[in-house]
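Please read the structure below before turning to the comments.
The values are calculated or read from the model by the stated rules, or taken from the named source; none is laboratory data. Only a predicted model underlies this, so the values are computations on that prediction, with no experimental measurement involved. Methodologically, a virtual Cβ is constructed for each residue, glycine included, from the backbone with ideal geometry; neighbour enumeration extends over all protein chains shown. Accessible surface is based on the protein model in full, side chains and every heavy atom, while ligands, DNA and RNA are left aside. Shrake-Rupley method; radii C 1.70, N 1.55, O 1.52, S 1.80 Å.
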Amino acid sequence: MIYPPPLNLVQFSFLAISEQYLSILTQTPIRLINYRFRYRSPPPFREIDDLSTAIESSPILFPCHFRAVFVNFDPNSYTADQLSISVQAHMAKFAAKNSPACGTCASNVTVSVTLDSNSNCISNGNNVDWKCGALNEFKFAEKHEDGLLDEDFASLLDNNSGAKVYTVVAVKTEQEEVRAVVGKYRHAWIMGRIFEEEAIEKIAEIFVNVFMNGGKEEGLIHGEFMPLGADGRIVLSFNLLNADPHNWIYDWDFQEIDENLLSPVIDALKPLADVSVESQVLYHTPKSSFSFWDDRLDSYIFSTKDLPFFVNSNEWHLDTSVAAGGLSKILQFVVYVPSAKECPLQLQLPNGEISTTNGFISPMWGGIVVWNPSACLTDSKIKHPLRYKISSEDSRKLFEVFMGQLRQLFGLKSDGLFVGASGTSILLASERGFSEWELDVLSRQHSCFNLLQCGTTLGSLSRLVQSLPRMIIMDDIGKQVKYSLEAARLTLSNALLGIYDASAGMFYSSAIWMDCN
Amino acid sequence: MFKCCLHSQLQFRSETSLESDHLMGSREPIVLIFLILISTYESSAKGGIAEELNEEFTEGLLLRPLPDRKVLAHFHFQSSVPPTRIYGRHHHLFPKSIYQLVNKFRVREMELSFTQGRWNYERWGGYDPISSSSAKPPGVELWADFDVPLDQVDDSWRNLTHALSGLFCASINFLEHSTSYSAPQWSFHSFAGKLRYGTLPREAVCTENLTPWLKLLPCRDKAGLSALMDRPSIYKGYYHSQRLHLTSDDFGTAKSNAGTMLEQTLTVVLQPNTLGARAMVSGKTLQPSWSLNSLFGRKVHGKCSVSKSSNVYVQFEQNLVSELKEVRKKSEAPESGILIHDDFGNNTIFEMSASPDRVVKEVENLQKEDSSILLEFLVEDYNDSKPFDLGLRWKLPVVWSCQQAPLHASRFLMGSGNERGAIAISLKSLSSNNTPTVGCCEKGSQLRINIFQVVPWYVKVYYHTLKVFIDGELQSTMENIEKIHISPSEDKVSPGVMEMILRLPCGVITAALTLEFDKGFLHIDEYPPDANQGFDIPSAVVSFTDFQASASFEDNLLNKLPILNELQERKHVISYTEVLLVPLTTPDFSMPYNVITITCTVFALYFGSLLNVLRRRVGEEERRLKSKAAKKKGPLTSLLSKLSAKLKGRPVEPPETPSTSPSLINNKLVLKVILVAGIAAGWQYYFR
């Protein structure tokens, strides 16, 4: 039998009195119990505080090595040391423009300069392995394809030492047009009729804005919101949505797409993240907002301001994946096949133009591409829906858009051009989606933000435990705290040495946070 | 009961809206950057096999009139995918979540059922394939067979329960404790040691479990037969069981190409709406007429566009068919023709709103004089403008009974008090039914019955007290038990499991098993909420291994349909017993509270009176009382006396109270009367 709580106020006050008496009587045992249950494995507070202050006080900057090679310049006008100092001065100027972001290079960069003119090489560094006169046989007058040139430079600059050195080769030629190209590896080249001062400024800009900062511009996704799980895993979930299968049913050969188009990208991202791919085809998935018919454009228009209402979370069962357990990050990529009622569907930019990719991204969530079937305009009064397959040509186009979206989600540029103060540079796109210097930028940022997060998590954990002395910390959690502290310290010391691939192990801190909660 | 609600969508929506601003600001992705090398087209080699093996989805609905004026509706959906090594891991129809589940936990076979209500074996049949496969114990039943090393089976099971719990928004994760699941050795399904079985008898089943189940279908409930699943209609029924059966041969060395198969069934028993009084014909009540629209409140608007076949069947059972013949003979001039060749759209006994596209007849068995009939209707030809609404209208009263299981199994508790009791399983032969005895006697003089029972650890069964009664007489236990396996319960570690094969003589009328038990004590933390309700002992599974519940149909079916395959599958006749409710000694949970309250009251009274006594000064109080009594008079009288004193020019005299009191009382009385009258008038007025 359960008695109702007393509503009588008098009884309440009696209760309060008697409770006091009770606690007086039993005070000693309660105290004893409390002391016995105090945390079993106290975390190392001092070390944690040291670490978190060390991380939070100054942004983690990585040492970077740069190399400038001047080919066919007049060896008498500047010495190598002068050039080096002048490049560094310009770099400092460029770096000062934007505050030191997390994951960029330290201010005391080393720039080694090699002057190569008529097979006479002058270097200021001692570890410069530029093959002197290698470009002598090179026919500069001819028009070269950038991709092939990139490979040539790669073979020239191939260093086996393993250190990551970013190189810009400035070549003075007779061509009027000055052409700056950033390759797929860790080098760029400038060719054309160019003077020393101009070349120095351009080199410094490429060093700072491209190799250090990844060619970022305003409006791109900040590095902190990189779609990477704390355990370094990403699940790319591709979804083909048939809005209304009564009209038509589209299917794709994802097996082929996975093997041919996605696997090089996944391989490229391997040092940064462990990527897994999954796919599904869904039916009866209308979008949740309406589009309107535009006579001028002869299609249904979906404007930018409605984009937040495009995703229909009631009907789109994109599903979290079993594979993405715990701390992994899922990126959804959606191909939306509109129904006959809204076909062709075009996305309109704020300036009134039609989007060329017909897609958009949502940071940390993924990307959506609207794909209009070719059968769209033909009258579809068919009793039974027809089954089609998206042709391999179309699916390749779709996946090019998706790759661009993926790059954007990582905060990289997707248009292949870098517009700087000293002119435009072409960024060569890798067939693997991400060029090597871009991956360097990403892993630097990732380890930096991971360390920051680790520091704050551990710091707040230690503050919490210190403010609640009665909180019980289990042994295994204490062990994890120690692990993550070790890992953070190791990462920090590695970062100072310039090894930023080995930044795994950060996920412990988040795990602890969840355990404690 | 714990009900989760995993809504990633919610989370996602907030993200989207948050980042919409970001989207506006960011440039439209103008991409198209890289040329991706197209490697040589290699899949042509395996294309030949892949074309034959493809993902398939079929849907079917079986309707069957039941003898007790109800209708059974059995939805059947099947998705299949060829093995991964041939087909790859990207799918077009098969649900991604289930495929990942199978692969992650290496599930070889799994069955999960959510049931509400109890299958009435006596009225709805106990011998047919549907009752053997779709009649499930109330609540949740889950069994799974894993393809992992023996020592990892328990871990896989635990992970699987958590994954399913998230997937189906149910408290399946309560099955992770070793006290709540068991590992049957041979009786339940014959898998060696890698099968785990668990039930949650008290799990409430509702739409939140159905919605994720529907999400596994490619068309969900947007199109096809599943569009019939109007939630109020299907949960209004007498029995509701949603089931998910999964088989996979992706692992292991078997080179079969069956792949992974997901079978989803929903079995409901509904009461057709009979408007007004029951229709009577010649003194007998007619069976209720029904249509899809009257049963579900919806019609079928065509098939699910991606399904391979989409059929509706109406089944007339064997007993009903013979009954129909009888009625026909009586009402008309006797005809020699069988019912098969009759017009099913409209005959003298019943009328169907659509004529069947095909009539499938069960192949007659030796024991059966008549065989059941399936009327097939194709949904493909119907669309929005012409929805499919199948109706059945009875013209003549028909009475029949369902085919019964060889013995009717029931289980009950014996004994009284909170200390000890006994579980009894009774098997009764139903006299109206002569099929099992026939089958039994042909096989030999023995009837073999397989019993599997799991008992939670707090019901401490003494297995040595097992007694077998046949036809009311105590028999020697060992003579009647062919095989027995017992794993006794271990406190707070594992439940007690009993598996046995009982051998009964042919022609047995009743048989009973009794087992005595003591009721254990739980720690106060282990009591579930509302412990006074009692504790459930999961259903025992009784299977008749000598009897096959399968119907074989005429083999002129060119394409074998999964729903018919399910009926034809050779399975033992299985029935589940009732869930037992054992009241355990529960502590008086309010006791500490009561003690505190009483103690406090006593303390308060003591201290209150003590304080009172200590603080009180008797002399002072008496003086105050006196002065108070002197001052005590009505405000009106004092005012009047003051006034009169002023008028007379004399000092105020204390008037004699008794002289003024009558008028005051009068005033008060009048006021009271007016108040009461007013209230009465108001009352009257208000409630008119």
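Remarks
- Each of B:Arg393 and A:Ser288 was given a label point 7 Å from its Cα along the Cα-to-Cβ line. The distance between the two points is 4.6 nm.
- Per-residue mean of C-beta atoms belonging to partner chains within 10 Å, peptide B:88-101: 6
- The length gained on full extension between B:Leu581 and B:Gln475, counted as 0.36 nm times the residue separation minus their Cα-Cα distance, comes to 35.4 nm.
- If R0 is taken as 60 Å, the Cβ-Cβ distance between A:Ala54 and B:Lys284 corresponds to a FRET efficiency of 0.05.
- Counts of other chain beta carbons within 10 angstrom of each beta carbon in peptide B:484-497 average 0.
- Peptide A:275-284 has a mean of 6 when you count, residue by residue, the C-beta atoms of other protein chains within 10 Å of its C-beta.
- Taking packing as the residue-averaged number of other Cβ atoms within 10 angstrom, the listed peptides A:471-478, B:459-466, B:128-135 run from highest to lowest as B:128-135, B:459-466, A:471-478.
- Distant-in-sequence amide H partners of A:Ala188 (H built 1.01 Å from N, under 5 Å): A:Thr167, A:Val168, A:Val169, A:Gly183
- Ordering of B:475-482, B:614-621, B:576-583, B:490-497 by packing is B:576-583, B:490-497, B:475-482, B:614-621, highest average first (other Cβ atoms within 10 Å, averaged per residue).
- Derived scalar couplings ³J(HN,Hα) [region A:403-409; Karplus, 6.51 cos²θ - 1.76 cosθ + 1.60; whole Hz; x for Gly, Pro]: 5, x, 5, 4, 4, 5, 5
- The interface between chain A and chain B buries about 6400 Å² of solvent-accessible area in total (1.4 Å probe, ligands and nucleic acids excluded).
- The accessible area of B:Thr586, taken with all protein chains in place and a 1.4 Å probe, comes to roughly 40 Å².
- With 0.36 nm allotted per residue and the present C-alpha distance subtracted, the B:Glu490-B:Val595 stretch has 34.3 nm of extension available.
- Sites A:Asp251 and A:Ser276 - FRET efficiency at Förster radius 30 Å, r taken between beta-carbons, to 0.05: 0.85
- Among A:His284, B:His177, the order of accessible area from largest down is B:His177, A:His284, computed with a 1.4 Å probe on protein heavy atoms.
- Ranked by how many other beta carbons lie within 10 Å on average, peptides B:203-211, A:480-488, B:588-596 from highest: A:480-488, B:203-211, B:588-596
- Ligands, DNA and RNA aside, B:Ile86 has an accessible area near 40 Å² when probed at 1.4 Å.
- Label-point gap, in nm, between B:Lys672 and A:Glu197 - each point 7 angstrom along Cα→Cβ: 11.4 nm
- Centroid-to-centroid, using Cα positions, region B:119-139 and region B:587-620 are 62 Å apart.
- Carbon and sulfur %, accessible surface of region A:412-498 computed with the full protein complex present, 1.4 Å: 59 percent
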